[in-house]
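The values are calculated or read from the model by the stated rules, or taken from the named source; none is laboratory data. Small disclaimer: the values here were computed from a predicted structure and weren't measured. Cβ atoms come from the backbone with ideal geometry, glycine included; neighbour counts cover every protein chain shown. The area values use the complete protein model at the heavy-atom level, side chains included, leaving out ligands, DNA and RNA. Shrake-Rupley method; radii C 1.70, N 1.55, O 1.52, S 1.80 Å.
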Amino acid sequence: MTSKPDTLSPAGPVRARSRLNGAHIVTSVAAAVLVLLAFLAVFADWVAPYDPLRQSLMEALQGPSAAHWLGTDDLGRDVLSRLIHGCRIAVIAAAEATTIAVLLGVPIGLFIGYRGGVWDWIVMRIVEAVVSIPGIMVAIAIIAILGAGLHRAMIALGILFSTSFLRLARGVVLAEREEVYVRSARVIGASDRRILMRHIFPNIAPPLIVQVTLTVGAVLLAEAGLSFIGLGVQPPQASWGTMLNTAAAFMDFNWFLSVPPGIAIILTVLSVNLLGDVLRDSIGRGIAVETRPETPAARFAAAPGAAEPVVLPRRADEVLRVENLQVMVPAPGGEVPVITDLSFSIARGETLGLVGESGSGKTLTGLAILGLLGAGVRATHGAILLNGQDLRALSPRQIEQVRGNEVAMVFQDPTTSLNPAFTVGSQIAEVLRVKQGLNRAQAWARAVELIDRVGIPRPEERARAYPHELSGGMAQRIAIARALSCNPSLLIADEPTTALDVTVQQEILDLFRDLQAEFGMAILFVTHDLAVAADICDRISVMYAGEMVEMAGVDALFADPRHPYTAGLLHAMPHASDRMPPLPTIRGNVPRPGDWPSGCRFSDRCDFRVAACDARIPLLGRERLVRCIRAGELELEAAS
Amino acid sequence: MTDKPLIEITDLEVTYWGRSLMGIGGKPFHAVRGANLSIRAGETLGLVGESGSGKSSIANAVLGLVTASGGSIRFGDAELTAMRTRYPPAIRSQIQAVFQDPYSSLNPSMTVEAIVTEPLHVHTSMDRAARRARAIELLKLVSLSEEHLDRHPHQFSGGQRQRIAIAAALALQPKLIVLDEPVSALDVSTQNQIINLLYERRAEFGIAYLMIAHDLALVHHISDRIAVMYLGHIVEEGPSDRVYHAPAHPYTRALLDAVPLLDPAAQRRRRAARKFAPAPDAPRLSATGCPYQNRCPHVMPRCRAEMPPAFAIAGGGTAACFLHAPDAGPAPETARLSGQPACKEPAAP
Amino acid sequence: MLKLIVQRLLALVPLLFIVSVLTFSFTSLLPSDPVDLIIGDAGTQQQYEMVRERLGLNEPVHLRYLQWLGRAVQGDLGSSFFNSVSVMGAVMQRLPVTLSLTAMSALIAILIGVAAGVAAALRPRSWVDRFATLGATFGQAVPNFWFGLILVAIFAVNLRWFPATGFTPLTESPWEWLRSVILPSIALGTSSSAAIARQVRSAMVGVLQQDYIRAARAQGLPFRRVIFRHALTNALVPVVAVLSFQITVLLGGALIVEQVFAINGLGTLAIAAVRQQDIPMLQGLVLVMVGLVVTVQLATDILYGLLNPKARPS
């Protein structure tokens, strides 16, 4: 079962919105530059004040003047007119080379990507060979064969840049071929042609558009470069590159000559690249950037007045005590709460289960304790007392001291929570060196001891293994050994068995129990699986939509669930009953943060809803806590 | 139901070849090693195993997504392995699939209408209006409605996406649907909605299911027969209730016992009774003999020497384990370590 | 590690074969007859036959290829059509010049690129990030030779801090060498540093979201240690993979930037060779450049293997 960590990221929309204005202006300016370029290219003959080729040696190398706004070149030609006519060359160059590159590269790339086999092998080796020669050298070599000149140079560049389109198309096809929806299409019986055109090609279009913009920019730069060294556009024809060639020769006399064509190139390429960036962002397969909310935090309106009173009795040897914790995540137009009024405590040697489905806030609770909520997500209320010390009041430096030494965490997927670049032994030893000041040899010896302690045979040999060389169960044992290396008083385990096979899960649960008996740490065990909680926990707190709905000792909870959600979840477990369908269900879906009902958050999925459920429901009780106004009635009903 | 199976898998082998440097050579990985299974029309077979057991490879071989390296898959009168991955439309339209991850199994660039009508487009000559009408019918079958037609997959929750995938699979009224872990990516509270939906449609249309899952309890609800796989071998097969309540193969029992009971007291008792724990790095596979020998509490010298054949089990089905050889003594404790969880039925509203 | 090197070397065989075939087939792709180029318009039929015989053009293609390859492997790349100097000699004479430029600009590009990329990734959307991103976008739009012209105008012509043109070999005077390569290297390296900065930023942002970074922080390791040891090691993996490509780009860019600074490197040689249709010289240039690129690729592959245990063959 794969359950994603329930850090819902409404950060995405925020970013999109806040960037909209900036991006909008940039896009408009870039688009305006390109429209102007196209206009000048088409109407150059009418717009340009002079004939770009008309020489007037009397007026050579003049600076800007009323007659010649951008001055004149060595032959007295008007720079502005040449610049405007250069637009035409730029547009032709970009269009020619990019079209050739796309028409050549994309079909071949699609074909070899889908077919694979020997053709793929041969074509890719040729591409590799071409790519291993510097691009300009390839162009120079092709020009040696074809001869110099605008169109020939653009054919050369087209061939050169076709390799990037070829690789792009092939890469997308290879990736798409493995997509489940392409497999679905094959199961449906769609032909290769249809799969390629209908299912794969639409997904190639976005990166293709981005690549086109990149190529246009690169072509403009390459054309300028080739013309600059005299292999592209031939004099006296006016292109920005040839103008720079002229300028270079007269740098000492009139450096200004180099400025107009340079600015023209930069502006054009910049505009094309910026448009490409905006396109890429809006297509949005890019990496989502963590953000801080732009707008000042909006107060959480749904929480009326003060926090609810803590009903938590103080207990002896309490390791962790959380009171009225509230966590907010950024969302469009402010922040929304993901955890509200959460209070619980864990004693030494005790295991508390935090059970809930995706979006319940259970994973964020663990991260909030460690102070690792991530940018934008913040704990706004409440106290987190670890051994009597409020972690929320500590400075980042101080909490760094607490982490590892007093509290540690084991994550869901052991293969991603260990650093792939280092051996597993060195990752444990590193913690011991940094946190406990052990020297290299001591740390290594202790790491091997710990690896042995978590039940891994041949620990010395395994310590030298990299994470990818270990099975999931083995890697999770290593992660546990690392977490316990400084003997913390609290261990947070976030779905530590969810990514593992069920027989391995049993071994890891046994290991937790075993280690707890020896080290005596308190465990906060986060899971979505009630069966796992039944096995490992002493007490269980059931979370739903950011709040605790029920908390009880493990035997009491399973024998007599009081909250309708707990009961529903319990009955929905696959091995809860032996019957044929219809199986018991909870109707509807888990509401997303921000969409919670204002009263009881379970009310619109609940079969026992009454009018009073629309008001805020407090968590009530002493030994057992339930957030349901009908808990008493229902209990009676069930008993009768 | 007739006695002639809808699909019959005999001695199926699936082998993947690792790519080496020049694309030649490489080591073979035997994902399926001689599997025998059959499904009758309208019947559900649950295929259970842990990761790497080969259960998905069997699904892919049936769907023609991989080519079998040996054995046969007969579907009606057709031999599927002979067609490699190119099934004729008449067969394609009768075998459909629903995959595990509802977030990647729907093409993000297509609308719900396009996804659901794609099979109709490929296999029928219906016009656009007729296809749309059929799409609405199909969405109703999975408790979605016309208003969802023009939306894109990312606008739906996991459970709803899985409903869309089921609607597409039902479009051609297939005889067999391969369900590859159809609910394991969903929240517990929505899992049963999908299970119930699948069960209702099966009753309505008489479809046979091949349901792949890692959770025996889950498939038990919906399956007529269950087969258990371990490292490419089918170690046990039989009627659903018999396999679930009286597992014959030690691995099946280990699989059942590994899932904690929902009764903490009973679970504590079961834990205390658990004696044998295999070494965590016990080699997964030995060259000869039973695939489970390194982790089996009942391993005998014989298990290391030869591969156990499938022995008949009282109550139906077979188990590939020498404990059940006719010449062996009484099998030790084939029942599960403790009974069913004591869990009350939901209180009536 | 040795196995990785051997594996990479083996993978080079088909690549070098294809490059050599492509390079060799130059002669036959040429529209004009090389013999005509050599003897000129005034040549007689007899001279024509002689030259043709001397060049071995009468033999079958595959034999000519093998002979050419055999000589090339021994370092004999023939002699120029134009002035009969040894191609190898001419190329080797200019190589240190272009190599100086490429190496120095690569150094600049990597230093600036990695620093800017990391700084931007650590604080997404901060002013550091905006500035770096803007700079990178701008840097990629500026033609390197134009940037060179401007640098010359400011720092050589006006301020006179650096020489405007020319190249001093390292062996002659390290200080003068540095002064002569610094401006062209900056001109050349800027756009690559922009490309590398973007790569580093996006790789770093991706890595910082990984579980193992959260796990390292949960373990209470100091923030700087997590960033520079745990995150950067992994973020550099994709960067190293594109590094050899960037160095190839720099090598090509050097050919053009050389012209701005009137530096007599491979670029000047290549441009002259194209104008004169000097085929052996072009072939030699391509082969030497491929040799350089392949060496760099090998080095980055090994670096890649060092950074990424999964890339090592087991």
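Only one entry of A:A141, A:A175, A:A148 meets the criterion of being out of contact with any Phe, Trp or Tyr (no Cβ under 9 Å at 6 or more places or on another chain) and either open to solvent by less than 20 Å² (accessible area, probe 1.4 Å) or farther than 30 Å from A:P235 by Cβ (or both), and that entry is A:A175. For the stretch B:125-148, the set of residues classified as outside any helix (DSSP H, G or I) and either at pLDDT below 90 or over 27 Å from B:G206 (Cβ atoms) (or both) consists of B:D127 only.
Out of the stretch A:587-630, which residues are out of contact with any Cys (no Cβ under 8 Å at 6 or more places or on another chain), of a type in the set (S, T, N, Q) and free of Cβ contacts under 8 Å to residues at least 24 places away in the same chain? If the condition is that a residue be out of contact with any Cys (no Cβ under 8 Å at 6 or more places or on another chain), of a type in the set (S, T, N, Q) and free of Cβ contacts under 8 Å to residues at least 24 places away in the same chain, then A:N589 is the only one that fits.
Tallying residues that are within 9 Å of chain A (Cβ to nearest Cβ) and either under 29 Å from C:I182 (Cβ atoms) or in a helix (DSSP H, G or I) (or both) within the stretch C:267-282 yields 8.
For the stretch C:184-207, a residue qualifies if it is at the interface with chain A (Cβ under 8 Å from one of its Cβ atoms) and within 28 Å of A:G404 (Cα to Cα), and the qualifying residues are C:V205, C:G206. Quick check: anything in the stretch A:181-198 open to solvent by 40 Å² or more (accessible area, probe 1.4 Å) and either within 14 Å of chain C (Cβ to nearest Cβ) or within 30 Å of C:A270 (Cβ to Cβ) (or both)? Within the stretch A:181-198, not a single residue is open to solvent by 40 Å² or more (accessible area, probe 1.4 Å) and either within 14 Å of chain C (Cβ to nearest Cβ) or within 30 Å of C:A270 (Cβ to Cβ) (or both). Residues in the stretch B:224-231 include none that are of a type outside the set (V, I, T), under 14 Å from the mean Cα position of the chain (by Cα), open to solvent by 20 Å² or more (accessible area, probe 1.4 Å) and closer than 25 Å to A:H528 by Cα.
Among the candidates C:R179, C:R214, C:R198, the residue that is touching a helix residue (DSSP H, G or I) at 6+ places or on another chain (Cβ under 7 Å) and in a helix (DSSP H, G or I) is uniquely C:R198. Each residue in the stretch C:67-80 was checked for being part of a loop (DSSP other than H, G, I, E, B) and either open to solvent by 40 Å² or more (accessible area, probe 1.4 Å) or out of contact with any Leu (no Cβ under 8 Å at 6 or more places or on another chain) (or both), and 5 pass.
When the stretch A:247-283 is filtered for residues that are among the polar types (S, T, N, Q), in contact (Cβ under 8 Å) with a residue 40 or more places away in the chain and at the interface with chain C (Cβ under 7 Å from one of its Cβ atoms), only A:N273 remains. Hey, does the stretch B:190-199 have a residue that's within 12 Å of another protein chain (Cβ to nearest Cβ), aromatic (F, W, Y), within 19 Å of A:L583 (Cβ to Cβ) and open to solvent by 10 Å² or more (accessible area, probe 1.4 Å)? Checking the stretch B:190-199: at least one residue is within 12 Å of another protein chain (Cβ to nearest Cβ), aromatic (F, W, Y), within 19 Å of A:L583 (Cβ to Cβ) and open to solvent by 10 Å² or more (accessible area, probe 1.4 Å). Of all the criteria given as (1) touching a residue at least 24 places away in the same chain (Cβ under 8 Å); (2) within 28 Å of B:Q94 (Cα to Cα), the one not satisfied by B:Y199 is (1).
Counting residues in the stretch A:376-388 that are modelled with pLDDT of 90 or more, open to solvent by less than 10 Å² (accessible area, probe 1.4 Å) and facing chain C (nearest Cβ under 9 Å) gives zero. Would a scan of the stretch A:441-453 turn up a residue that is under 30 Å from the mean Cα position of the chain (by Cα) and either assigned to a helix (DSSP H, G or I) or facing another protein chain (nearest Cβ under 9 Å) (or both)? The answer is no, given that none of the residues of the stretch A:441-453 is under 30 Å from the mean Cα position of the chain (by Cα) and either assigned to a helix (DSSP H, G or I) or facing another protein chain (nearest Cβ under 9 Å) (or both).
Tell me the residue from B:F75, B:F29 that is hydrophobic (A, V, I, L, M, F, W, C) and touching a residue at least 40 places away in the same chain (Cβ under 8 Å), please. Only one candidate passes the filter, namely B:F75. Just give me the residues in the stretch A:200-230 being open to solvent by less than 10 Å² (accessible area, probe 1.4 Å) and more than 30 Å from C:R275 (Cβ to Cβ), in sequence order. Listed by number, the residues that qualify are A:I200, A:I204. C:G291 - would you say it is assigned to a helix (DSSP H, G or I) and free of Cβ contacts under 8 Å to residues at least 12 places away in the same chain? The answer is yes for C:G291.
Conditions tested, residue by residue: (1) surrounded by 15 or more Cβ atoms within 10 Å (Cβ to Cβ); (2) polar (S, T, N, Q); (3) farther than 29 Å from B:Y251 by Cα.
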{"site": "B:W17", "(1), (2), (3)": "no, no, no"}
{"site": "B:G42", "(1), (2), (3)": "yes, no, no"}
{"site": "B:L47", "(1), (2), (3)": "yes, no, no"}
{"site": "B:S56", "(1), (2), (3)": "yes, yes, no"}
{"site": "B:N60", "(1), (2), (3)": "yes, yes, no"}
{"site": "B:Y87", "(1), (2), (3)": "yes, no, yes"}
{"site": "B:I91", "(1), (2), (3)": "yes, no, yes"}
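May I ask you to list the residues in the stretch A:345-363 that are buried (at least 21 other Cβ atoms within 10 Å of the Cβ) and part of a strand (DSSP E or B)? Result: A:I346, A:T351, A:L352, A:G353, A:L354, A:V355. Hey, among the residues in the stretch A:428-440 that are at the interface with chain C (Cβ under 8 Å from one of its Cβ atoms) and open to solvent by less than 10 Å² (accessible area, probe 1.4 Å), which one's nearest to C:L307 (Cα to Cα)? Among them, the one singled out is A:E430.
For the stretch B:6-91, the strands (runs of 3 or more DSSP E) that sit wholly inside it and include 1 or more residues that are at pLDDT below 90 are B:7-17, B:28-39. The set of residues from the stretch B:316-349 being modelled with pLDDT of 90 or more and not in a helix (DSSP H, G or I) comprises B:G316, B:G317, B:T318, B:A319, B:A320, B:C321. Which residue is nearest to the other protein chains (Cβ to nearest Cβ), if the candidates are limited to the stretch B:93-126 and must be under 20 Å from B:E8 (Cα atoms) and open to solvent by less than 50 Å² (accessible area, probe 1.4 Å)? Applying the filter and picking the extreme gives B:A97.
Yes or no: A:D555 at the interface with chain B (Cβ under 8 Å from one of its Cβ atoms), open to solvent by 10 Å² or more (accessible area, probe 1.4 Å) and over 30 Å from A:E633 (Cα atoms)? Considered against the rule, which asks whether it is at the interface with chain B (Cβ under 8 Å from one of its Cβ atoms), open to solvent by 10 Å² or more (accessible area, probe 1.4 Å) and over 30 Å from A:E633 (Cα atoms), A:D555 comes out as no. Of all the listed residues (B:L172, B:L179, B:L210, B:L186), the sole one being touching a Gly at 6+ places or on another chain (Cβ under 8 Å), in the same structural domain as B:S104 (by TED's automatic domain parsing), more than 21 Å from A:Q506 (Cα to Cα) and not in a helix (DSSP H, G or I) is B:L186. If the condition is being open to solvent by 50 Å² or more (accessible area, probe 1.4 Å) and either out of contact with any Ser or Thr (no Cβ under 7 Å at 6 or more places or on another chain) or part of a loop (DSSP other than H, G, I, E, B) (or both), then the stretch C:109-124 contributes C:I110, C:L111, C:A115, C:L122, C:R123. Candidates A:I508, A:I523, A:I456, A:I478: the one that is within 12 Å of chain B (Cβ to nearest Cβ), open to solvent by less than 10 Å² (accessible area, probe 1.4 Å) and in contact (Cβ under 8 Å) with a residue 60 or more places away in the chain is A:I478.
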